[in-house]
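These notes are about the structure you will find just below.
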């Protein structure tokens, strides 16, 4: 095979892998951000449960304070009832006492409600604490895996960059410029010629061009998409033994280009 063509095939493999690694490295911070959002959601639920408990406690203290005030009023009204001189004044103070007692009963009902709510709030709090603990452990594991994957990708990227430089150095400058232009505009610059067609754009090749591509000894471009073409020969089955011989494997670069 033509040395430029062989290096170009390897170069496209390297460029494809470099692009994949860069995309994965770029995506990992976003993945970590999503992980952090999950943890923030668990923390928010815990804070809501704590806030609800505090609100119930504050309401209970407020109701207890109102009851205390009303009891003091009842005590004052009853003291006054002992000193009044008319039945009208006595009845008026009695009405105030009844009104205060009803107020106390109402606040006691509210206290009971807050106590029942508090039981539910406690369950919510314990559930939120358990979920936060589980999520924190899970999320820390995911973050560790993400950081490890990033480190591995960066190491692999450095290795592929070195290979890419090696392959580029083995290609003639003019051919390399053509490769770079087509790669920029089309995403791939190398394609297998198969069944008399460019396997990427599917345009038929001229008979002579296809014949030349089959030798893999010259740089031949597709007239339609300008990709550089190569040919993977397949060996026909052995007609005597009727057992197929090994078939050449197509380079990964062409598979990626499709």
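Quick notes
- GNM flexibility winner over the chain from 92, 158, 52 (Cα, springs under 10 Å): 92
- Value of [θ]222 nm, deg cm²/dmol, for the chain, DSSP H segments ≥ 4, -39500 (n - 2.57) each, nearest 500: -27500 deg cm²/dmol
- Efficiency of FRET from Cβ geometry, residue 37 and residue 66, R₀ 41 Å, rounded to 0.05: 0.45
- FRET efficiency estimate (nearest 0.05) - Cβ-Cβ, residue 19 to residue 151, R0 22 angstrom: 0.70
- Extension gain (nm, one decimal) between residue 59 and residue 169, 0.36 nm per residue minus Cα-Cα: 31.8 nm
- The Rg/Rh ratio of the chain, with both radii computed over alpha carbons and Rh defined as the Kirkwood radius, is 1.55.
- Axis of helix 87-169 versus longest Cα principal axis of the chain: the two differ by about 10°, to the nearest ten degrees.
- Values of log10 I(q)/I(0), in the order q = 0.15, 0.27 Å⁻¹, for region 175-221 under a Debye, Cα-only, solvent-free model: -0.40, -1.05
- Candidates 82, 183, 70, ranked by Gaussian network fluctuation over the chain, Cα under 10 Å, top entry: 82
- For the chain, the longest principal axis of the alpha carbon atoms and the long axis of helix 173-186 meet at an angle near 40°.
- Taking 69, 87, 226 in turn, the Gaussian network model of the chain (Cα-Cα springs below 10 Å) assigns the largest fluctuation to 87.
- Between helix 3-81 and the chain: long-axis angle, C-alpha atoms, 0 to 90°, nearest 10: 0
- Reported to the nearest whole Å, the Cα centre-to-centre distance from region 86-132 to region 1-60 is 50.
- Projecting label points 7 angstrom from Cα along Cα→Cβ for residue 144 and residue 223 puts them 6.2 nm apart.
FYI, it's all coordinate maths here, none of it is from the lab. The structure displayed is predicted, hence computed values, not measured ones. Every residue, glycine as well, gets a Cβ built from its backbone with ideal geometry; the counts of neighbours run over all protein chains shown.
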